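The block underneath contains the structure these notes are about, expressed in structure tokens.
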Amino acid sequence: MRFETKRLKCQSLSLNDYAEFEAGREPEWNGFSNPFKHLVEGPSPLRHRIPRVKKEPEFAEIGLVLAIADGEIVGSSGFHDFPDEDGMIEIGFGIVPEKQRQGYGLELLHGMWKAISSRPDVKTLRYTVSPENEASMHIIKKLQFNLVGEQMDDEDGLELIYELPIEEYLQNFHS
């Protein structure tokens, strides 16, 4: 998924990038830098994503989030899966700690949701978050998503499930 916002550019990892990560190497970034070692050190969605991409290459849509001003990787984003039979799609994203609390998370979400909203099979946006994650809780409250339930995640523990119909999102933020 490729898109740009005012301060961010999102571009997908290539299949070659995935192969480099799987081999334990950082890909060569053409035209941008990774000073915060995002996806290389610390928590990373790649350990879940690489096996999936090997089976389904069309699922490679994890995006690097670049700050346009300096070409630095400031995060990553993607969707947990294709839309389900009801048209629900769940977002996943991360901003490096050094760049958090600067509005990148909210800007990234708006960019991703606007980009995915053009798919006719997407009806509902989902965002799951630990109630302990203050920054993400702040973002989701700003977006006025509806709390629809909770779930226990094997790695993250309790997560609150928020959803919003795509039409309502577009009306609220892109009309």
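None of the figures in this text is laboratory data; all of them are computed from the coordinates on show. The structure displayed is predicted, hence computed values, not measured ones. As a convention, Cβ positions derive from the backbone with ideal geometry for all residues, glycine included, and neighbour counts pool all protein chains shown.
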(request) Please give the length that would be gained between Q100 and E41 if that part of the chain were fully extended, namely 0.36 nm times their separation in residues minus their C-alpha to C-alpha distance (nm, one decimal). (result) 19.5 nm
(message) At 7 Å along Cα-to-Cβ for each site, give me the label-to-label distance between K142 and I68 in nm.
(response) 1.8
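Once a ≥ b ≥ c are taken as the square roots of the eigenvalues of the Cα gyration tensor of the range 1-145, is the result rounded (a/c under 1.5), prolate (a/b larger than b/c) or oblate (a/b not larger than b/c)?
Because a/c hits 1.5 or more and a/b fails to exceed b/c, the range 1-145 counts as oblate.
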(request) For every helix of n ≥ 4 consecutive DSSP H residues, a contribution of -39,500 (n - 2.57) applies; sum these over the chain, divide by its total residues, and give [θ] at 222 nm rounded to the nearest 500 deg cm²/dmol. (result) -8000 deg cm²/dmol
(message) Treating only the Cβ of Lys, Arg, Asp and Glu as charged (+1, +1, -1, -1), what charge dipole size does the range 3-173 show about its Cα centre? Round to the nearest 20 debye.
(response) 580
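Filter K9/K55; K114/K142; K37/K114; K9/K123; K99/K123 down to the pairs with a C-alpha to C-alpha distance above 21 Å, please.
Details: K9/K55 27 Å; K114/K142 16 Å; K37/K114 28 Å; K9/K123 25 Å; K99/K123 31 Å.
K9/K55; K37/K114; K9/K123; K99/K123, as the Cα separations exceed 21 Å there.
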(message) From Cα pairs below 8 angstrom and at least 6 apart in sequence, can you work out the relative contact order of the chain, rounded to a whole percent?
(response) 17
(request) List the extent of the Cα atoms of the range 29-113 along each of their three principal axes, largest first, rounded to whole Å. (result) 39, 26, 23
(request) Step through the residues of the range 145-162 one at a time and calculate ³J(HN,Hα) from phi using the Karplus curve (6.51 cos²θ - 1.76 cosθ + 1.60, θ = phi - 60°), rounding each to whole Hz and writing x for Gly and Pro. (result) 6, 8, 6, 10, x, 8, 8, 9, 9, 4, 9, 9, x, 4, 10, 8, 10, 10
(request) Express in nm, to one decimal, how much length is gained between D156 and D86 on full extension, taking 0.36 nm for each residue of separation and deducting their alpha carbon distance. (result) 22.7 nm
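Give, as a single signed number, the net charge of other residues whose beta carbon lies under 13 Å from the beta carbon of P27, with Lys and Arg counted +1 and Asp and Glu -1.
Values: positive: R25, K37; negative: D17, E20, E22, E26, E28.
Neighbour charge sum, excluding P27 itself: -3.
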